[in-house]
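What follows is a single structure, written as structure tokens, with notes after it.
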Amino acid sequence: MPDTERFMTSNGRGGGTNVRCDCEYNHRSCVKRVPVFSGLDDGELERVASLIEHKEYARKEVLFREEEPLHRMLIVRYGKVKLVRYGVDGEDILLDFLSPGDFYGGHDLFTNSVCWETGIALEDTGVCLLEGEKLRSLVLRNPGMALKIIEYLNTRVNQDRKLLEIFSIRNAEKKVAMYLAEHSRRQGSDLVQISQEDMGSVLGITKETVNRKLSALQEKGLIALEGHRKIRVVDKSRLTTV
């Protein structure tokens, strides 16, 4: 049984269980799943794997908090993380999600910065952690990895621009339809997993409005509702022309 230690966040609260890389996990397999490391050879993959720590979080547990120092890259192995910011009234504003293969922190590899958002596990979630100093040294020795990180971050910027376009749509049904189509495209899957409450928070509309518009889209044969948090995109091309 590997030794574990409780991870303490900067505000003193406990996080997930911190497991070193000589434990039962296959770290090389974990690394190969991450797009930014996909071009590395076997030796480079081994070096990355040797630097990784794993951590597990329960549903609703906080992974990182807005304004905390950002000293590492966090890569989602499994599960899902929502990124939120808190308004002046204390209400959380849902910004985006991290899914398996996504990472957080790559934009600040060479600067001292803080977390822009708070990350909260939407379900049981496992992550890989790479300390910033070790990662910087690795990237400097592997320019190809730096390019992949830049490409990934550029993709995220383009995705954010697309979301801003969707947010500006005034028609609620079209807004929901376009969001589902974009979410499906980004995940590479016809199955979108998000609660109606979270979708409403992202799009700036009420849960009740989301419910009505989803029902309307289902009646048109564009989607299929599969429980509280699962929406299957049936006809993506028609969904984008609602």
- Pairs LYS60/LYS174; LYS162/LYS236; LYS32/LYS175: which are spaced more than 28 Å apart, C-alpha to C-alpha? LYS60/LYS174; LYS32/LYS175
- Item | Inter-probe distance in nm under a simple model that places probes 7 Å from Cα toward Cβ, at TYR78 and GLN159 | 2.1
- Message: Taking the number of other C-beta atoms within 10 Å as the exposure measure, put CYS128, CYS115 in order starting with the fewest.
- Response: CYS115, CYS128
- Message: Taking amide H atoms as placed 1.01 Å from N in the peptide plane, list the residues 5 or more away in sequence, or in a different chain, whose amide H sits under 5 Å from that of PHE64.
- Response: GLY119
- Message: Taking the beta-carbon count within 10 Å as an exposure proxy, list ASP102, ASP124 from fewest neighbours to most.
- Response: ASP124, ASP102
- Any aspartates and glutamates with Cα under 12 Å of the LYS213 Cα? List them, leaving off those in the same chain fewer than 8 positions away. GLU173
- Once both label points are put 7 Å beyond Cα along the C-beta direction, the GLN218-GLU91 separation in nm becomes 2.7
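Loop-only check: which trypsin sites (Lys or Arg not before Pro) in the range 146-242 are DSSP coil with at most 10 other Cβ within 10 angstrom?
The qualifying sites are ARG170.
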- Task: Can you work out the PRE-style zone for ILE169? Point 7 Å along Cα to Cβ, and I want the residues of the range 198-227 with backbone N under 16 Å.
- Result: 199-206, 209-224
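Just so you know, all these numbers are worked out from the coordinates, no wet-lab data involved. The structure displayed is predicted, hence computed values, not measured ones. Every residue, glycine as well, gets a Cβ built from its backbone with ideal geometry; the counts of neighbours run over all protein chains shown.
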